[in-house]
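S.K.: I am attaching a structure below and will ask some questions about it afterwards.
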C-alpha cells in the first residue's frame with residue numbers, strides 16, 4: 001500500500017466525521033434553536049480551514065485532486081487483490 005493510500009484511509013474518515021458534526025450542529029443551531037452565535041461562526045471558519053488543509057494535503061502527499069478522493073476510497077475499500 002502506498003503512502004498516499006495510507007494517508008487516505010486514515011484521514012478521510014476523520015474528515016467526513018468532522019464535517020458531518022459541523023453540518024449537524026449548524027442545522028440544529030439555525031433550524032431548531034434559531035440562534036447562530038459567534039462560536040458557531042468560529043466553528044464554521046475552522047471547518048473551512050479543515051477543507052483547505054485536506055485539499056492541500058491530498059494534492060501534495062497523495063498526488064491526487066480532491067475530486068478523486070471518493071473514487072480512490074471506493075477502490076481501496078473494495079479492492080480484492
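The values are calculated or read from the model by the stated rules, or taken from the named source; none is laboratory data. For clarity, every value in this text was computed on a predicted model and none was experimentally measured. Neighbour counts run over all protein chains shown; Cβ positions are idealised from the backbone, glycine included.
S.K.: Any idea which of (1) surrounded by fewer than 13 Cβ atoms within 10 Å (Cβ to Cβ); (2) assigned to a helix (DSSP H, G or I) is the one residue 34 doesn't satisfy?
M.R.: Of everything listed in (1) surrounded by fewer than 13 Cβ atoms within 10 Å (Cβ to Cβ); (2) assigned to a helix (DSSP H, G or I), residue 34 misses just condition (2).
S.K.: Cβ contacts < 8 Å: first residue at negative phi, restricted to the range 50-61; second residue part of a helix (DSSP H, G or I) and loosely packed, with under 12 Cβ neighbours inside 10 Å, any location; separation 6+ or different chain. Result?
M.R.: 61/3
S.K.: Anything in the range 2-39 that is out of contact with any helix residue (DSSP H, G or I) (no Cβ under 8 Å at 6 or more places or on another chain) and at pLDDT below 80? List them, or say none.
M.R.: Here is the first cut: in the range 2-39, the ones out of contact with any helix residue (DSSP H, G or I) (no Cβ under 8 Å at 6 or more places or on another chain) are 2, 6, 10, 13-14, 16-17, 20-21, 23-24, 27-28, 30-34, 38-39.
Correct list: 2, 6, 10.
S.K.: Still on this structure: List pairs: first in the range 11-30 and at negative phi, second loosely packed, with under 11 Cβ neighbours inside 10 Å and outside any helix (DSSP H, G or I), Cβ under 9 Å, 6+ apart or cross-chain?
M.R.: Filtered contacts from the range 11-30: 29/35; 29/37.
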